[in-house]
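Novice: Structure in C-alpha cells, see below.
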Amino acid sequence: MPAGLEDVIAGQSGICYIDGGKGLLSYRGYDIHELAPNSTFEETAHLLWFGALPNKAQLADTTSKLSASRGIPDDVVAIMRHFPKTAQPMEALRTAVSALSMYDPEAEDQSREANVRKAIRLTAQTATLVAAIARMRDGNDPVPPRSDLGHAANFFYMLTGEAPNETVERALDIALILHADHELNASTFAARVTAATLSDMYSAVTSAVGALKGPLHGGANANVMKMLLMIDDESKVDDVVRRMLADKKKIPGFGHRVYNTEDPRATHLRRMSREAGERVGNPKWYRMSAHIEKIINTEKNLNANVDFYSASTYYVIGMPIDLFTPFFAVSRMAGWTAHLLEQYADNRLIRPRADYIGPEPTLKWVPVDARI
Ligand SMILES: CC(C)(COP(=O)(O)OP(=O)(O)OC[C@H]1O[C@@H](n2cnc3c(N)ncnc32)[C@H](O)[C@@H]1OP(=O)(O)O)[C@@H](O)C(=O)NCCC(=O)NCCS
C-alpha cells in the first residue's frame with residue numbers, strides 16, 4: 001500500500017487530466033496553456049461544470065447567473081459578525097460556507113438541476129464570503145457586490161471598495177483560472193468522499209475547505225510569503241534557504257505529489273509575479289523567489305508548484321497574506337462543485353479498506369481494576 005495513496009487511481013473523472021511527467025494539465029481537454037491566456041474564470045467554470053466551452057449565449061447566461069448569485073443571507077453575515085477577530089480567514093470560511101446550507105431551501109434537493117444551481121451559487125457566494133470575512137475582521141462593513149463587474153474584479157471591489165485596474169483584474173482572473181481544478185487533489189477527494197455518502201453539496205464543500213486549509217495543500221501559498229518576509233533581504237536568501245535545507249525543513253511552494261517536472265501553473269505565475277513586481281516598482285519579492293527557486297532546483301531537484309509564485313504575485317497586488325488560501329478556495333469552488341456534479345451523477349459510496357497493522361484480534365477484556 002503506497003503511503004498517502006500515491007499514484008493510486010481512486011475513481012474515474014472526465015474533468016481534469018494531469019500528466020505529471022510531461023507537466024501537462026488540462027480541463028475537459030483544454031490545455032491550461034490554452035485557457036490561461038485566453039479564457040476568463042466565468043468561461044472556465046462553465047467548462048468545468050458543463051463539459052464544453054460555452055457559446056456566446058451560454059456564457060452570458062452563466063455569467064449573469066453567477067453575478068446574480070453573489071448576495072449572501074443577512075443571517076449569515078450576522079453569524080460572521082460574532083466570529084472572533086483572531087479567527088483565521090480559512091476557519092471563518094469553513095464555518096460560513098457550512099452556515100449557507102441552513103439558509104438555502106434547495107440544500108437537500110439532490111436533483112441535477114438544483115445541484116447545478118447550488119454549484120453556481122456556492123461559487124458566486126464564496127467570493128462574497130471571503131471579502132466579507134476580511135472586511136469584518138478589520139472592523140469594516142462588507143461591501144455589497146457589483147453586478148457589472150466580472151468575478152475577479154468584483155472580488156477585488158468587495159475587498160477594497162474600489163474596482164481594480166485592468167492589469168490587476170486580469171492577473172486575478174488568470175490566477176482564478178489556474179487554480180480552478182486539479183483532479184483528485186486532497187480537498188476535491190475530501191469533497192467527493194463526503195458527497196458519495198449522498199450528503200449534500202454544502203457538507204461536501206465544507207469538507208473541502210477544511211482540507212484546503214492545510215499547509216501541505218492550499219495553505220502553502222501563505223507560508224511562501226511568510227518565508228519571503230522572514231528572509232526579507234535578498235542577500236540573505238542563500239544562507240537562510242541552505243540552512244532550512246540543512247535542518248531538513250520543507251520549503252513551502254516546492255515539490256508536488258503528481259508533477260515531477262515544472263507545474264504548468266507555475267509557468268504562468270512566475271511571469272505574473274515578475275510583471276506585477278515590475279509594474280508596482282517592487283521587483284524584490286520576484287527576484288528573491290527566483291533565487292530560492294534556483295537553489296531548490298539545484299540542491300533538491302524540486303520544482304516550484306502553483307503556490308510558490310502566486311504568493312509574490314498576490315502580495316504585490318496588495319492582497320493580505322491570510323487571504324491567499326481563501327482566494328484559492330474562491331477559485332477551486334468551481335472545480336469542487338464540478339466534481340460533485342460528476343460524483344452525484346454516478347455515485348457509489350467511497351469506502352476503502354485499511355491495511356491493518358494493529359494487534360491480533362485475540363485479546364480478552366479485563367475489568368478496569370485488574371488493568372495495570
Ligand atoms: C507537496 C508535497 C506535500 C508532496 O508531498 P509528497 O508527495 O508526500 O512528497 P514527500 O513529502 O514524501 O517528499 C519527497 C522527498 O522530497 C523532499 N521534499 C518534498 N517537498 C519538499 C520541499 N518543499 N522542500 C524540501 N524538500 C522537499 C522530502 O523531504 C522528501 O525527501 P526524502 O525522500 O529525502 O525524505 C511536498 O512536496 C511538500 O510538503 N511541499 C511543501 C508544501 C507545498 O508547497 N504544498 C503545496 C502543494 S501544491
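Values in this text are rule-based calculations from the coordinates and carry no lab data. Keep in mind the model is a prediction, meaning the values are calculated, not measured. All Cβ positions, even for glycine, are placed from backbone atoms using ideal geometry, and neighbour counts span all protein chains on display.
Novice: Which of (1) under 18 Å from Q343 (Cβ atoms); (2) surrounded by 22 or more Cβ atoms within 10 Å (Cβ to Cβ); (3) not acidic (D, E) does V116 not meet, given it meets every other one?
Specialist: Going through the list (1) under 18 Å from Q343 (Cβ atoms); (2) surrounded by 22 or more Cβ atoms within 10 Å (Cβ to Cβ); (3) not acidic (D, E), V116 breaks only (2).
Novice: Considering (1) assigned to a helix (DSSP H, G or I); (2) within 15 Å of the ligand (Cβ to nearest atom), say which one D238 fails and leave the rest.
Specialist: Every listed condition holds for D238 apart from (2).
Novice: Would you please name the residue that is farthest from the chain's Cα centre (by Cα), looking only at residues in region 62-96 that are small (G, A, S) and more than 20 Å from G219 (Cβ to Cβ)?
Specialist: Among those residues, the one meeting the criterion is A78.
Novice: Looking at (1) closer than 16 Å to T325 by Cα; (2) in a loop (DSSP other than H, G, I, E, B); (3) in contact with an Asp or Glu (Cβ under 9 Å, 6 or more places away or on another chain), which is the only condition A163 fails?
Specialist: (1)
Novice: Filter region 242-257 down to the residues that are part of a loop (DSSP other than H, G, I, E, B) and near the ligand (Cβ under 8 Å from one of its atoms) and list them by number.
Specialist: Residues satisfying the conditions are K248, K249, K250, I251, P252, G253, G255, H256, R257.
Novice: Does any residue of region 168-176 turn out to be within 24 Å of G51 (Cα to Cα) and either of a type in the set (V, I, T) or in contact with a Leu (Cβ under 9 Å, 6 or more places away or on another chain) (or both)?
Specialist: Yes; the residues of region 168-176 include at least one that is within 24 Å of G51 (Cα to Cα) and either of a type in the set (V, I, T) or in contact with a Leu (Cβ under 9 Å, 6 or more places away or on another chain) (or both).
Novice: Only residues that are away from the ligand (no atom under 15 Å from the Cβ) and of a type in the set (G, A, S): list them for region 283-307, please.
Specialist: Within region 283-307, A290 is the sole residue that qualifies.
Novice: Which members of region 3-18 meet the condition of being β-branched (V, I, T) and under 21 Å from V306 (Cα atoms)?
Specialist: Residues satisfying the conditions are I15, I18.
Novice: Further, regarding this structure: Being of a type in the set (F, W, Y) and part of a loop (DSSP other than H, G, I, E, B) is the filter here, so list the residues in region 344-372 that pass it.
Specialist: Y356, W365
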